[in-house]
1. Heavy-atom accessible surface, probe 1.4 Å, ligands and DNA/RNA ignored: which residues of the range B:297-322 lose at least 50 Å² versus the isolated chain?
2. For chain B, give me the percentage of DSSP beta bridges that are antiparallel, rounded to the nearest 5 percent.
3. Between B:VAL114 and residues 5 or more places away or on another chain, which pairs have amide H atoms under 5 Å apart, with H built 1.01 Å from N, and which residues are they?
4. Rounded to the nearest 5, what is the percent of antiparallel bridges among the DSSP beta bridges in the range B:212-352?
5. So what are the ³J(HN,Hα) numbers for the range B:33-44, from phi and the Karplus equation (6.51, -1.76, 1.60; θ = phi - 60°), rounded to whole Hz, Gly and Pro as x?
6. How do the peptides B:147-153, A:97-103, A:24-30, A:128-134 rank, highest first, by the average count of neighbouring beta carbon atoms within 10 Å per residue?
7. Between copies, how far apart are the B:LEU226 label points? List them in nm, one decimal, shortest first, with each point 7 Å from Cα toward Cβ, please?
8. Take every DSSP beta bridge with both residues inside the protein assembly as shown and express the antiparallel ones as a percent of the total, to the nearest 5.
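The values are calculated or read from the model by the stated rules, or taken from the named source; none is laboratory data. Just so it is clear, the structure is predicted and the values come from calculations on it, not from any experiment. FYI the Cβ positions are ideal-geometry reconstructions off the backbone, even for glycines, and counts take in every protein chain you see. Side chains are part of the model used for accessible areas, which takes the heavy atoms of the whole protein and leaves out ligands, DNA and RNA. Shrake-Rupley method; radii C 1.70, N 1.55, O 1.52, S 1.80 Å.
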2 protein chains.
Amino acid sequence: MTHSPAGTETLLPGRGRRAGRKPTIHDVAEAAGVSKSAVSLAIRNQRGVSEATREHILNIAQELGYRSNVWARSLVQGRTGLIGILLQDLGNSYHRDVTAGVEDAAVENDLRLVIGHGRRDAKRLQAELDSLLALGVEGVVIVSSWVPPQYLEKIGKRVPVVVVGRLPEPVSGIDTVANRDEIGARQAVEHLIELGHTRIAHLTGSARPAAMHRRGAFSELMRRLLPGVDPQVEGPEQLEAAIRYLVFQIQEEKGAPTAVFTQNDRVAADLVGASLDAGLRLPEQLSIVGYDNSSVCRMLRPQLTSVDQPRSRMGQMALEMLSERITGRTEDKHVTIAPNLVVRESTAPPRS
Amino acid sequence: MTHSPAGTETLLPGRGRRAGRKPTIHDVAEAAGVSKSAVSLAIRNQRGVSEATREHILNIAQELGYRSNVWARSLVQGRTGLIGILLQDLGNSYHRDVTAGVEDAAVENDLRLVIGHGRRDAKRLQAELDSLLALGVEGVVIVSSWVPPQYLEKIGKRVPVVVVGRLPEPVSGIDTVANRDEIGARQAVEHLIELGHTRIAHLTGSARPAAMHRRGAFSELMRRLLPGVDPQVEGPEQLEAAIRYLVFQIQEEKGAPTAVFTQNDRVAADLVGASLDAGLRLPEQLSIVGYDNSSVCRMLRPQLTSVDQPRSRMGQMALEMLSERITGRTEDKHVTIAPNLVVRESTAPPRS
DNA sequence: ACATTGTTGTGGAACGTTCCACAACTGTTT
DNA sequence: AAACAGTTGTGGAACGTTCCACAACAATGT
């Protein structure tokens with residue numbers, strides 16, 4: 001098993017194939033009776049060898065199970081063809097869809113994707129990013145708002161970077177592609193107003209950029225569209241308590257909100273659960289709008305009305321921008337994409 | 001921006017640092033006034049240089065922003081320190097948790113993880129696997145039952161492989177670590193019987209190995225524990241139709257099942273939705289048990305009773321087995337881990 | 001005085017590939 | 001016949017590292 005058959009041994013000056021080692025370009029060259037250069041040309045499909053010899057070489061290579069060594073190749077070429085994508089959290093449909101978009105565009109551009117996994121932990125995220133850079137990626141797509149801006153700026157100087165999502169503050173030297181949260185928020189609020197709601201609350205469980213944008217847009221809209229009505233904006237602190245209080249209000253008080261625009265589907269799902277536990281009838285007593293249009297929307301009852309982001313498109317854009325950077329663009333570029341509302345069962349006119 | 005400041009230029013025989021290029025070990029050596037070998041020893045923390053010179057070298061390296069080139073290193077060492085993990089589907093909490101386990105064990109064993117993403121597509125899965133091998137991984141963890149056995153066997157000859165999950169048929173040369181579906185099924189069925197159920201159905205939406213094991217174990221158990229009762233086993237064909245029919249039965253017929261053990265949480269969620277849509281009261285009219293203990297369990301109402309698999313533990317085991325293989329073990333090894341039931345609101349005694 | 005041993009350091013040869021300058025042919029044009 | 005151009009192929013020098021054999025020197029024992 002570990003010995004190579006005696007028949008393939010050779011006594012030529014360049015040592016024969018070592019037993020148990022992977023075949024190299026030399027082995028193929030020797031077996032085919034040509035130079036290593038010829039083999040190199042043949043496997044890369046470059047001109048410089050005749051059609052006949054190319055075929056011959058390819059056959060031998062196939063037979064020997066030869067596979068070119070990426071490391072040696074990129075060592076001499078000075079490029080790896082690798083690009084990294086840093087995810088905050090696998091197991092999140094948003095990230096999966098963005099990744100799928102990046103992947104599709106990557107094969108298009110003849111780049112290979114290496115996934116880094118940060119696991120909602122800033123320390124780990126940075127370690128993972130370092131590790132990607134050590135691997136020699138030529139660019140990085142970051143799908144996370146957990147990377148500190150000053151670190152981001154440092155990375156941006158070493159390698160092209162595109163961030164998918166909002167940044168807490170602008171960072172020079174890197175590109176971004178983001179969902180236009182203010183448009184998503186507007187669609188949600190306008191939908192609720194059209195249904196006849198006037199007392200609308202917002203529920204958020206985070207102070208990160210995307211959440212803050214949705215929240216800001218919500219307040220702004222309420223001020224403009226329903227002047228005189230005090231815009232109810234809950235939390236971010238103690239989401240659970242905020243939900244309990246909100247449900248309590250709706251059960252007990254006149255003038256309580258009749259609709260809630262939530263920061264994302266997770267928060268919406270918690271609110272749906274708490275409402276049902278408290279015996280509220282949905283959507284009659286409370287309309288709920290989520291954000292993300294994740295797979296849970298269709299699992300819940302009532303099925304969740306939610307704002308959909310064109311995730312895989314965002315991923316595609318991100319990779320295209322990265323590839324532009326790699327091939328020379330130097331000025332920063334920021335793209336935003338409009339989301340759109342998917343109406344399901346969790347929104348209805350308020351009880352008159 | 002692209003010029004290096006004139007002051008750093010040098011005329012020593014070994015050409016000075018090239019503008020715009022990343023610094024190499026030579027550059028550091030030159031700047032520190034030592035040989036490249038000394039630098040190599042210093043950065044790898046090996047003995048052979050005095051503490052004083054090591055510190056000096058490390059300072060210079062830091063200053064120059066030197067980072068060792070992984071490609072060159074692994075070219076000469078003949079090993080990459082990379083191991084691949086092939087996922088069927090990012091954005092799935094099961095895969096995320098297994099991956100987390102593998103990752104933790106990987107840093108432990110000083111290996112770096114490269115994630116490959118198959119996207120529920122056998123063709124793509126294989127391409128991804130090839131790409132991992134081309135990258136030079138020293139072993140592969142496969143979390144997917146979509147890879148054909150004969151292909152698996154071929155891969156197993158090239159590189160150590162551990163499969164997390166069930167295989168449709170045994171494959172020699174590769175290891176597996178699996179959840180003991182028959183134990184999970186038993187816990188679910190015994191729980192339902194204890195509650196007083198006798199008419200129990202099984203609902204499955206797939207013919208893949210894990211699903212078939214759960215189904216087989218279910219039938220077997222019902223035969224043994226409730227002899228005389230005809231074990232109801234639904235589909236896999238047309239899951240949606242099966243769900244509709246099941247719900248119809250429960251509404252209309254005496255002798256319909258009072259409890260359902262489902263293949264996984266997704267199927268359970270669909271069943272919960274359809275039941276509620278049909279006006280059934282849960283869990284009074286129907287008890288439901290899921291499998292996977294995913295995050296949706298706590299989002300649904302009633303909250304879902306489900307079988308939990310020790311996922312990250314499975315990932316850990318997988319990597320440890322892989323690492324054993326890499327360092328020499330040749331005989332196959334198959335490990336199974338017992339799951340356990342998490343009882344929530346979706347199971348209750350049947351109406352008497 | 002001479003071995004012996006240990007520490008600190010060196011320069012050259014790998015590793016497997018691509019790139020480059022050039023050689024050996026075969027035609028074609030002057 | 002000489003000059004030129006095109007095709008096919010070659011061997012050696014990179015690429016940035018680690019590994020290895022050995023050198024220089026100091027400390028120790030006989």
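1. B:MET299, B:ARG301
2. Around 10 percent antiparallel, to the nearest 5.
3. Amide H neighbours of B:VAL114: B:ILE83, B:GLY84, B:ILE85.
4. Of those bridges, close to 35 percent are antiparallel.
5. Per-residue couplings from phi come out as x, 10, 8, 4, 4, 4, 4, 4, 4, 4, 5, 8 Hz.
6. A:97-103, A:24-30, A:128-134, B:147-153
7. From this label point to the equivalent ones elsewhere in the assembly: 5.0 nm.
8. Within the protein assembly as shown, antiparallel bridges account for around 10 percent of the total.
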